[in-house]
Amino acid sequence: MWVCHYYAKANIIGPARSDALEGIRFDLEIVSWRSSDLVYHELLAVVKKSADCVSSDRNDNNELSRSSSRMRGIPYEQHVIETSLSIAEIQSRLKAHCGSSSWRRPDRTSQFVGRVDDTGFGLVPLMWGQSSFLPQFFGRWKSTSSGTLITLQIVPNLALLVCLLCVFGVMGILVYDRLWMRVILTSGVNILMAYLLLQLGFLVAVGQAYGKLLKIINATSVSHSESERHHWTLRQLGIELLGGVIVIIGAAIWWGIHTGAISVSLRPAADLIIVAWSTLIFAVIWLYTLSGWSPITRVRCLFFCLAAQVGWTWLITIDGFAGDGRPLFTWRWLARDNTTGTVADGRTSNSIGIAERIDLRPAGSNDLPAFRGPHRDGVFNTIRLEANWETHKPQVIWQQPIGVGWSSFVVAGGYAVTQEQRGEDEAVVCYEVATGRECWEHREKARFQEMMGGDGPRATPTLDDGDVYALGATGIFQRLRGHDGQPLRSVNVIDDAKAPTSLFGLTGSPLIWNDLVIVNPGGREASLVAYEKQTGKRRWVAGSSLTAYASPQLVTLGGVEQILTFNADGIFAHAPVSGEILWSYPWVTPPEYNNVCQPVVWRDDAGLETVFLSSGYGKGCVLLDVALSDGRFIATPRWQNTHLKVKFSSVVARDGFVFGLDENILVCLDLRSGNRRWKSGRYGYGQLILTENHILVLTENGDVVLCEATSERHHEVARLSVLNGRTWNHPALSGHTLLIRNDRTAACLKLPLTAESIRNRETASTTP
């Protein structure tokens, strides 16, 4: 697109006038998609007709010059127009072609709408569906000896620019799930796209409307001096200042949302609310002040907007957020009321009075006393599942409502324990696995609320010697008697460790080591705390890192038992007996320290011990070589890349390969080299465990999926839809009984075993 300046002299003869005009010099600024010569001849014809001329000549060799210049920073034009008409005649002509701004529908013959008075005019063209990028024409006139001199400014619809920015911002928020893409689209790219679209629309609209205006006012010549071209009126200055203020406010809002001034949990909601409501507000402003639409059309649009808003408010609500930050819309009557804490049988008493004594002491390999298994690695090597679910379909034993929360189940002796929110209380609840019957509950007055993640406790309880150790989201750590849920002791670990409350609550499952139970409240004075099981006395504190969202994990490296904690500042290895830090490696994942994935220990082909870490938000993964040298552990990175970015799930590993969800897509990574073997299958932000022959994925939408555990390819072999709604809880596999839940429903499934696995289990059960 070019702005072309034409300078020409024309000898014009008017037969009806004694003072024939000669040598009139006119300076034209022409913006058009069409041929410049064509535009020139069309405009010359207009001038000839307006001046009642019969002839003209043009010297193409000497008297016509053309230059190109870059367009100004914003869409803007200024012209000085001369006409032989008086001010009264111009007013009459404009009013004849101008509809009023009242609610009366303008006549179809009207070409403008706005004001015309003694000082000038302010008009918006009525293009009747031809363009929505309607420019604004502001003119002031002055009488001269030969007629009238009009100073004309054509400015863009600023509200439309803001609307375009908001629209492209919504597109960036709702379409793209990665933070860096969202940031780009809501800052730079969308601004550029909106600006270019406005430029294009402005030029096209001006090209249509400017010619109409010249014809109406019978312009005989156009002059455009350098001084006049760069003269800024108070109105234009005000528009520029308003644009600058809007840019500054937008930048401040963006900075607050994406740099921590506003909590990370509020960012998706703030993005959506700010952009959506800004779009609505500016759309209304544009509709009633700048659109140029007929009054009846404006009334209809307003009625439609109000009806849509009322309908949206009464019918639709946000029922939480997905893992990528998108709001989950649902019908209002279907949304879960998280304040009631509805459960299967509606019982709310703290003592149910069961007849039998429940034994929660693990008695065999089928029991699951701890989060993700005894090693917290999500690997169950003794289970071989049948892949053909068409002929061997999993059995859904029971399915029922459950209180809010993101805890998983632990299982022992035919009973399962989890945590959930019931009204204003955090509850530890025991269920019978075979029936889903609630056996006991214990409540504490506490409620954790967070917009993005939802309400309720997060951590999975731990079973030991028949007792239950549970850590609530608000820091309440308690030991409960396993057979009836009665409390033995309790402490608030956040207060005890003088730790700040974490953004998403405490999520670490308690770890049992000998006579100690270890929790990670996170604090600059004590990030890890060990309590004596029997007395509740604090044995030791260690570390100075804020907590993240992984659970303490017991491993052996270099022949030495160690507790790995994946904290806000990175990974730390502690000696279980004293809490001494044996080694560490920095790994910070902004925003708000989102280290969630459980570390994976892998011994390579050469016998070297390594630790694998991964986190989302563009951070990626790393493999650390951990070696004992001169009595000290040293951790050094072997490789690091972004092939696997685990947001808030955990990975599983076998035979030198690790499987995990890269954001929401399943990935197989070669631990030896860090190379990605395959990436396929969208499962949302779910969870996964590994059996002897399959990867079992609990997807974000509640499906149970079976995939081959192979590095050669991704192959989904079976799928069963069980739960509805976002499902972030880890699945719990006890034998071939699968317990799953989300923040509203729990279910128990019997997964089919291979014939070989069944025979092995029968043999093991009959062996004395």
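How large is ³J(HN,Hα), in whole Hz, for each residue of the stretch 411-419 in order, when computed from phi with the Karplus curve 6.51 cos²θ - 1.76 cosθ + 1.60 and θ = phi - 60°, using x for Gly and Pro?
10, 7, x, x, 10, 10, 10, 8, 10
In nm, to one decimal, how far is the modelled label at T501 from the one at N514, with both set 7 Å along Cα→Cβ?
In this crude label model, T501 to N514 measures out at 3.6 nm.
Could you order peptides 372-383, 507-518 by the average number of other Cβ atoms within 10 Å of their residues, highest first?
Going from most to least packed, we get 507-518, 372-383.
Projected area of the stretch 670-718, taken from the Cα convex hull and averaged over every viewing direction, in nm²?
For the Cα atoms of the stretch 670-718, the hull's average projected area reads 3.7 nm².
Using modelled amide H (1.01 Å from N, peptide plane; none on Pro or chain starts), what sits under 5 Å from the amide H of W540, excluding residues fewer than 5 places away?
For W540, whose amide H was placed from the backbone, the distant partners under 5 Å are A530.
Determine, for each peptide in 704-710, 118-124, 610-616, the mean count of other beta carbons within 10 angstrom over its residues, then list the peptides with the highest first.
610-616, 704-710, 118-124
Run the simple label-point estimate for A575 and K95 please: 7 Å along Cα→C-beta, distance reported in nm.
Going from the A575 label point to the K95 one covers 9.8 nm.
By count of other Cβ within 10 Å, fewest leading, how are S502, S490 ordered?
Result, fewest neighbours first: S490, S502.
Using only the Cα atoms, work out Rg/Rh for the stretch 573-655, with Rh taken as the Kirkwood radius, to two decimals.
0.98
Amide H of D662: which non-local residues (sequence gap of 5 or more, or other chain) have their own amide H closer than 5 Å, using H built in the peptide plane?
For D662, whose amide H was placed from the backbone, the distant partners under 5 Å are K645, V667.
So, in nm, how far is label D625 from label V560 when the simple model puts each one 7 Å beyond its Cα toward the Cβ?
1.8 nm
Hey, fewest Cβ within 10 Å first, where do S143, S86 land in order?
Ascending Cβ contact count within 10 Å gives the list S143, S86.
Which length gain, in nm to one decimal place, applies between S721 and D670 when the Cα-Cα distance is subtracted from 0.36 nm times their residue separation?
Taking 0.36 nm per residue and subtracting the Cα distance, the gain is 15.3 nm.
Quick one: net charge around V622, please, counting Lys, Arg +1 and Asp, Glu -1 for every other residue with C-beta under 13 Å from its C-beta.
+2
Which whole-number value in Å³ per residue fits the convex hull of the alpha carbons of the stretch 386-497?
146 Å³
Pairs of Cα atoms under 8 Å, at least six residues apart: use those to get the relative contact order of the stretch 680-721, whole percent.
Computed value for the stretch 680-721: 29 percent relative contact order.
For W639 and W331, compute 0.36 nm times the residue count separating them, minus their Cα-Cα distance, and round to one decimal in nm.
So the chain would gain 106.1 nm between W639 and W331.
Using the count of nearby Cβ atoms within 10 Å as a rough guide to exposure, how do S711, S407 rank from fewest to most?
If I rank by nearby Cβ atoms, fewest first, I get S711, S407.
What is the Å³ per residue value for the convex hull set by the Cα atoms of the stretch 520-640?
Dividing the Cα hull volume of the stretch 520-640 by its residue count gives 103 Å³.
By how many nm would the segment from C301 to R524 grow when fully extended, if each residue of separation counts as 0.36 nm and the alpha-carbon distance is taken off?
Result: 74.6 nm gained on full extension.
Give me, ordered by chain and number, the residues 5 or more places off V722 or on other chains with an amide H under 5 Å from its own placed amide H.
Result for V722 returns D703, V704.
Could you give log10 I(q)/I(0) at q = 0.14, 0.18 Å⁻¹ for the stretch 639-768, computed by the Debye formula over C-alpha point scatterers of equal weight, without solvent?
With one equal scatterer per Cα and no solvent, log10 I(q)/I(0) is -0.65, -0.97.
Quick one: divide the alpha-carbon radius of gyration of the stretch 406-445 by 2.2 N^0.38 Å and tell me what you get.
After normalising by residue count via 2.2 N^0.38 Å, the value is 1.14.
Applying a 10 Å radius around every beta-carbon, put 594-602, 576-584 in order of their mean neighbour count, most first.
594-602, 576-584
Would you mind estimating how fast the stretch 611-700 diffuses translationally, via Stokes-Einstein at 25 °C and 0.890 mPa s with the Kirkwood radius over Cα pairs, in µm²/s?
181 µm²/s
Ordered by residue, what ³J(HN,Hα) values in Hz, to whole numbers, does the stretch 618-631 give under the Karplus form 6.51 cos²θ - 1.76 cosθ + 1.60, where θ = phi - 60° and Gly and Pro are x?
x, 6, x, 8, 8, 10, 9, 7, 10, 10, 9, 9, 6, x
Between S143 and Q208, what FRET efficiency follows from the Cβ-Cβ distance if R0 is 30 Å, with the result rounded to 0.05?
The value I calculate is 0.55.
Report the calculated FRET efficiency for K445 and L488 (r = Cβ-Cβ distance, R0 = 25 Å), to the nearest 0.05.
E between K445 and L488, to the nearest 0.05, is 0.85.
Spelling out what I want: for every residue of the stretch 664-678, take phi, set θ = phi - 60°, compute 6.51 cos²θ - 1.76 cosθ + 1.60 (Karplus), and round to whole Hz; glycine and proline get x.
10, 10, 6, 9, 10, 10, 7, 5, 5, 10, x, 6, 7, 7, 7
Each reported figure results from applying straightforward, stated rules to the coordinates on display, with no laboratory input. What you see is a predicted model, and the numbers here were worked out from it, not measured in a lab. Note that each Cβ is placed from the backbone with ideal geometry, even for glycine, and that neighbours are counted across all protein chains shown.
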